[in-house]
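Below: one structure, written as structure tokens.
The values are calculated or read from the model by the stated rules, or taken from the named source; none is laboratory data. The structure presented is a predicted model; accordingly, all values stated were derived computationally and were not measured. Cβ: placed from backbone, ideal geometry, glycine included. Neighbour counts: every protein chain shown. SASA here: full protein model, heavy atoms, side chains in, ligands and nucleic acids out. Shrake-Rupley method; radii C 1.70, N 1.55, O 1.52, S 1.80 Å.
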Amino acid sequence: MEIITTGCIVAPAGFLAGSVSCGIKIAKDSLDLGIIFSAYPSTGAALFTTNQIYAAPVKLSRKIITRGCVRAFIVNSGNANACTGKQGYMDAEEMVRIAARYLKISEEELLIASTGIIGRPLPMDKIAAGIQSVVNSLGNTQEHGDDMARAIMTTDTKQKAIAVRLKIDKKEVTIGGITKGAGMIAPNLATMLCFLTTDVSMPPSLLNECLRNSVESSFNRITIDGHMSTNDTIAIIANGASGVNLLSKNDDLRIFQQGLDYVTSSLAKSIVMDGEGATKFVQIDVIGARSRSEAARIARSIADSPLVKTALNGEDPNWGRIVSAAGYAGVELDESKTTLSINDILIFAKGMPAQCDLTALSRSMKNMDITIRLALGLGDSRDTVWTCDLSHEYVTINAEYHT
């Protein structure tokens, strides 16, 4: 498998992208509108936020994706178009209508996504002009792909993109992806914003199954602040330009799934690494559980604990916060069978502090990468969640975000 790190969203054959600064964002000359387009008829699949308060673009895209035929994404940043009533929905429809007309495709082949501040109307005059400009500048160079990754950013400090090339049926296949997210991260069957492209051909139902499987092991395993967004969207287009047609579950499909999983896991981890104010990347492994769902519940309870996250930021091995967060997760535990390690150093076992090298433990807490491993001794199931620490900078960023 070959890893590609530039121009990723247009790395698969037959895809174009374009982006522009049209004045949605306050910062001058910030890219804030983009389009990803397949030159060939394509299938698509998408998953969305499970928040019951969800944005106009999510409402519209949920309707469009039911046909399973998608050739383009239109995305804006700087304005979420959420909690904007009927006008917001009509604005989303108008964005799709304008983009479809310039791209010369059906409105039912174009998904829309937005990210940014909630509760503000879209500047449709600026967006209409921006869409025309984007369509006129579509291309498949590395610059086109990299600019598209930047155009979807809000509080992100860096673009997040990756692509992989695989061999399927002796042909070269590529899967590309971009994502954005640094705060309001607690997805369930979705992510912040993530767009994927691939040059295989696949029926919509099978593509949807592959996407769901991949999201479950990646974006559904991250949390930054436990706050689910109103706009979470992950979507994929498959255009068949490679000549590879995947029709059923076989070895070829397993190779594709592995590639897709690699892309989504890399993108999900990049979100955690770029968490607002984050200084630590934290992996929480819960093993020895009765079921995966119980392991996941405990891991997420630890990951979402502000006290655990602030201790990690302070490089303080305060293991009491970790075990207590596990204890209130709503899963029956046996303290006498529970053990806890941080960075492979055992610190709690059989209901008691374990003898360990405290100097080595404190030194290991200064690492950027932290691994928390909780063994329950109750079964054979396990799960992993990725998170980050909670810093003063996180408070500063979010205290000032609206202004």
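Using only the alpha carbons of segment 1-130, determine the length spanned along each of the three principal axes and report them from longest to shortest in whole angstroms.
Cα extents, longest axis first: 42, 36, 29 Å.
If you average over every viewing direction, what projected area does the convex hull of the Cα atoms of the chain give, in nm²?
Averaged projected area of the chain's Cα convex hull equals 19.4 nm².
Give the Debye-formula value of log10 I(q)/I(0) at each listed q (0.19, 0.20 Å⁻¹), with one equal scatterer per alpha carbon of segment 54-211, two decimals each.
-1.46, -1.60
How far is the Cα center of segment 217-280 from the Cα center of segment 148-168, in Å?
So the two Cα centres are separated by 11 Å.
Non-local amide H neighbours of LEU33 (under 5 Å, H modeled in plane, Pro and chain starts lacking H): which ones?
VAL20, CYS22, SER77
What's the whole-number percent of alpha carbon pairs in segment 257-403 lying beyond 21 angstrom?
The share of Cα pairs beyond 21 Å in segment 257-403 comes to 45 percent.
With r as the distance between the Cβ atoms of ILE3 and ASP169 and R0 = 30 Å, compute the FRET efficiency 1/(1 + (r/R0)^6) and round to 0.05.
0.90
Rounded to the nearest 500, what is the chain's calculated 222 nm mean residue ellipticity when only DSSP H runs of at least 4 contribute -39500 (n - 2.57) each, over all residues?
-10000 deg cm²/dmol, from helical runs alone.
With springs only between Cα atoms under 10 Å apart, run a GNM on the chain and tell me which of GLU294, GLU143, GLU332 wobbles the most.
Taking springs between Cα atoms under 10 Å, the residue moving most is GLU332.
Could you report the chain's accessible area per residue, 1.4 Å probe, as an integer in Å²?
41
Give me the extension gain from ASP29 to LYS158: residue separation times 0.36 nm, minus the current Cα-Cα distance, reported in nm with one decimal.
44.8 nm
For segment 92-176, what is the per residue volume of the convex hull drawn over the alpha-carbon atoms, in cubic angstrom?
144
Straight distance only, please: which lysines reach the Cα of LYS59 with their own Cα at less than 24 Å, same-chain residues fewer than 8 apart left out?
Hits, sequence-local ones excluded: LYS25, LYS86, LYS104, LYS126, LYS180.
Taking the alpha-carbon distance from LYS170 and a cut-off under 18 Å, which aspartates and glutamates remain once sequence neighbours fewer than 8 residues away in the same chain are dropped?
GLU2, ASP199, ASP251, ASP252
Ordering ASP91, ASP29, ASP304 by accessible area with a probe of 1.4 Å, largest first, what comes out?
ASP29, ASP304, ASP91
Within segment 128-168, report the trypsin sites (Lys or Arg not before Pro) that DSSP leaves as loop and that have at most 13 other Cβ atoms within 10 Å.
LYS158
Within segment 240-391, how many Lys pairs that are eight or more residues apart, or on different chains, come under 22 Å at the alpha-carbon?
Going through segment 240-391 pair by pair, I get 7.
Show the residues, 5+ positions off or on another chain, whose built amide H is closer than 5 Å to the amide H of LYS160.
Those qualifying (amide H under 5 Å, at least 5 residues apart or on another chain) are THR179.
Return the carbon/sulfur percentage of the accessible area of the chain, one whole number, probe 1.4 Å, all protein chains in place.
50
Which chymotrypsin sites (Phe, Trp or Tyr not before Pro) in segment 370-403 sit in a loop by DSSP (not H, G, I, E or B) and have at most 14 other Cβ atoms within 10 Å of their own Cβ?
TYR401
Put +1 on the Cβ of each Lys and Arg and -1 on the Cβ of each Asp and Glu in the chain; which of ALA278, ILE370, ASN213 then has its Cα farthest toward the positive end of the dipole?
Of ALA278, ILE370, ASN213, it is ASN213.
If each Cα of segment 119-240 is one equal point scatterer, what is log10 of I(q)/I(0) from the Debye formula at q = 0.18, 0.19 Å⁻¹?
Here the Debye-derived log intensity ratios amount to -1.16, -1.24.
In whole Hz, with x marking every Gly and Pro, tabulate ³J(HN,Hα) for segment 316-327 from phi via Karplus 6.51 cos²θ - 1.76 cosθ + 1.60, θ = phi - 60°.
Karplus-based 3J(HN,Hα) across segment 316-327 equals 10, x, 7, 5, x, 5, 5, 5, 6, 5, 5, x Hz.
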